[in-house]
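Inspection log for the structure reproduced underneath, given as structure tokens.
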Amino acid sequence: MSNSGPAQSTWEAFPETDRFSWLAFRKAAVELIAVLDADLQEHLQIGFTDFDALVRLLNAPDHTMRMADLARAVSRSPSAMTRMVSRLETRQLVTRSRHSPTEVTVILTAAGHTVLDEATPRHLALVEQLFWSPLTADERTQIGSLCQRLIQARCDAP
């Protein structure tokens, strides 16, 4: 029995090439992140988002970020970020510093640097193998430009 309701007709009204492109993008992103996450979990017992947060801290001035900024950077709610930082703190990969009831900073520790020193070459080799190697140099540049345009459009939106 086929249940063809408003959702299906709305979806089917979307141009076929746009549907294909959107679904292909989603599938590629989900599958790539799943493989990267599984590799990080297996070899370092950290998840992809944990690694992402540690890399953001590595690249931040003084390896420090406000908790709210870090949450936005890794697309996590404040409560999810608090749980993540607690896990990372338990492993001594980060420390927290409270400056006021609402102002908390997260700092990458020496142990966090060590984990990143171990993880980064392996992670980037896997990114190269799974993401970049199938693409030409022009396609690599183009995908970066397209993603930047999408980010900018979101920033410009009201």
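For this structure, a couple of remarks:
- Per-residue ellipticity at 222 nm, computed for the chain from helices alone with -39500 (n - 2.57) per DSSP H run of at least four residues, works out to -22500 deg cm²/dmol.
- Taking label points 7 Å from Cα along the Cα-to-Cβ direction, Ala28 and Thr90 give a separation of 3.7 nm.
- Nearest-0.05 FRET efficiency for Leu135 and Ile107, computed from C-beta distance (R0 35 Å): 0.45
- Residues considered: Leu135, Leu126, Leu116. Largest GNM mean-square fluctuation over the chain, using C-alpha springs under 10 Å, is found at Leu135.
- Cα long-axis angle, helix 137-156 against the chain (0 to 90 degrees, to the nearest 10): 80 degrees
- Across all Cα atoms of the range 45-90, the radius of gyration (one decimal) and Dmax (whole number) stand at 9.6, 26 Å.
- Here the chain carries DSSP beta bridges of which approximately 100% are antiparallel, counting only pairs with both residues inside.
- Segments 88-94, 34-40 sorted - mean Cβ within 10 Å per residue, highest first: 88-94, 34-40
- Efficiency of FRET between Arg72 and Gln41 - r from beta-carbon atoms, R0 22 angstrom, step 0.05: 0.35
- The residue among Val106, Leu70, Ser86 whose Cα reaches farthest toward the positive pole of the charge dipole of the range 68-148, with charges on the beta-carbon of Lys, Arg, Asp and Glu, is Ser86.
Rule-based calculations on the coordinates, nothing more; no lab input. All values reported here derive from a predicted model rather than from experimental measurement. All Cβ positions, even for glycine, are placed from backbone atoms using ideal geometry, and neighbour counts span all protein chains on display.
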